[in-house]
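A quick write-up on the structure given underneath.
The values are calculated or read from the model by the stated rules, or taken from the named source; none is laboratory data. The model shown is predicted, which means the values in this text are computed figures rather than measured ones. Here the Cβ is made from the backbone with ideal geometry for all residues, glycine too, and neighbour counts use every protein chain on show.
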Amino acid sequence: MNVRGGPSRRLHKNTARMPRSGSPSPREERGPGGKDSPQSHEGNLMPNAADTPASGQSADASPAPEPNPTAETDALAIANQLRPVLLRLHRFLRGEAHELGVTSTQASLLAAMHRAPGVGLSELARREHMSAPTLVGHVDRLEAAGLVARARGNPTDLRRVGLTLTPAGLEMLQTLRAHRTAWLAAHLEALTPDELAAVAAAIGPLRRLTEGES
């Protein structure tokens, strides 16, 4: 019985094999130099070199899949994974601002005024990608809370209004930054050293994403 399921190749020793009519007997099939041709043994049972699997390799083994060099560098795939992470982080950090009595938009405006003291309404609206009426509404509320002051300090354009932070506004901004930094630090401490190093290495490239967008 053939266990492997293939045709049995066992030859009966006592059975004489009669050559076919018109075909040479096995003894007459000689190769160059008088040596027996490989095809003369057991009815051409020797496999071709191309059909013989390499040493240590199974004949049924499938070829290893080709690595995809773009799988980890495709911008669209990375963006699809990065977007929800950034949105979730923003939502957590935005909550820190709400606890202090300002919205995330107002916190962003305070930071923008701190970076450019005396910035005008039009310029601030452009930097923050806001319409002028929306910006004026936020500035009015910040001024009413004592966090922002308007000033007409440009002698060449008396209509221009510059925006600056009051001492209370600067204190609010510093407190907000401290709360957000503390929240991030507490969560970063839960990462492994390798994960923390990976986050640190990503800061530079992520910062470059926003360069020129202000």
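Does segment 142-149 include one or more residues that are free of Cβ contacts under 8 Å to residues at least 40 places away in the same chain, hydrophobic (A, V, I, L, M, F, W, C) and surrounded by fewer than 12 Cβ atoms within 10 Å (Cβ to Cβ)?
Within segment 142-149, one or more residues are free of Cβ contacts under 8 Å to residues at least 40 places away in the same chain, hydrophobic (A, V, I, L, M, F, W, C) and surrounded by fewer than 12 Cβ atoms within 10 Å (Cβ to Cβ).
For segment 119-132, check the following and say yes or no: at least one residue is modelled with pLDDT of 95 or more and at positive phi.
Scanning segment 119-132, I find no residue that is modelled with pLDDT of 95 or more and at positive phi, so the answer is no.
Taking the condition without any contact (Cβ under 8 Å) to a residue 12 or more places away in the chain and loosely packed, with under 11 Cβ neighbours inside 10 Å, does SER131 pass?
yes
Taking segment 150-190 as the search range and keeping residues that are touching a residue at least 12 places away in the same chain (Cβ under 8 Å) and part of a loop (DSSP other than H, G, I, E, B), which one is surrounded by the fewest Cβ atoms within 10 Å (Cβ to Cβ)?
Here the answer is GLY153.
Given the criteria among the charged types (D, E, K, R) and either touching a Cys at 6+ places or on another chain (Cβ under 7 Å) or within 30 Å of ALA75 (Cβ to Cβ) (or both), does ARG159 qualify?
Answer is no for this residue.
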